[in-house]
Amino acid sequence: LILTSESMAKELNNNDALKVLSDVNIRSANNLVELAVEKLLEYDLTTKYWHQGMLSQLDIIKDEFFDRGAHKKGENFKPLQSLLERKVDNNRCVIYISTQGVDTEQVELKSEPSTVGSLTNIKGRDKTAKGKKQSKAEKEEPPEDKKDLKESTSIRLKFDTGLRDYIEDVTNKIKPLDTVEEQIIALAQYVSNVMGGKIEDLTQFSWDLHIAQLKSEMKSNVIPIGFIKRGIFYHRALLYKTLGDRIGIPATLERGDYNRAWNTVSVPKNGKMHHYVVDLVYEPGELLTVGSYKAGVYKKL
């Protein structure tokens, strides 16, 4: 209830505060607990999108946001540091948003509570359990069970110059357009172009091979969004929301099943607000009326 900052919310969520509160609420429904959960998610949009699968038009994505996929029953939230330490695998990549990039060594210094035990032990063992100083050999040769972790945390993500270029482009070319509708359509076409263009057949688009290559090259499951050049629904929807937030185009970010995600926007016409799902894939820039058959098809297989 006294939560007042984004950094505080992230610290609490990295310590499984959301799981603890959810467990308490399951055992005995409590308005105060529900309010605490709401506040946690309000200040930490990464956790909110992971947990609820939706960001509103009022939720503004900032640097250090990441999308690691949908929340699964019984799964705990994992902070960025933990995801960076994970060896490259075949699971869905984590999409990272930042104009500054991220350095795992800097993340270590923040001492995320959920994994701080292993990291501080690696860097801070100047003495043995008995209080004696370690020998030079002991200091130079970490225990076998620590070697892989030490190697994995040396990974550095590249600075996302691509995202910075995108923001500069849309600020200069799309933000000055006369109407909200023109901005919405132009941004949709822009996102589609930088993510591989219009898609006729998803099975022939080879986006998954592209992502696998990026993970291999970066030696990480965490990929800055500006490096993704062949993206489908969930890559494009996240980029649209990110860029829209930077230039003042209100849009939702909503997650569906089977890698679907979409954005809903509002356009004033004849004194009324009309709500549309933005097509970023099949006919980039087309506005699909919310509740229509075409909008439903776009959101589902």
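All of the numbers you see were taken from the coordinates with simple rules; none came from a lab. Just so you know, these numbers come straight off a predicted model, no measurement behind them. Glycine also receives a Cβ, built like all others from the backbone with ideal geometry; neighbour counts cover every protein chain displayed.
Residues whose amide H falls under 5 Å from that of Ala70, counting only those 5 or more places apart or on a different chain, are absent, with hydrogens built in the peptide plane. In terms of the mean number of neighbouring beta-carbon atoms within 10 Å, the peptides 258-265, 282-289 order highest first as 258-265, 282-289. Each part gets one Cα centre, and for region 43-64 versus region 189-207 those centres are 25 Å apart.
Would region 171-213 count as rounded, prolate or oblate if I go by the C-alpha gyration tensor, calling it rounded below 1.5 in a/c and otherwise prolate when a/b exceeds b/c, oblate otherwise? Prolate, because a/c is 1.5 or more and a/b exceeds b/c.
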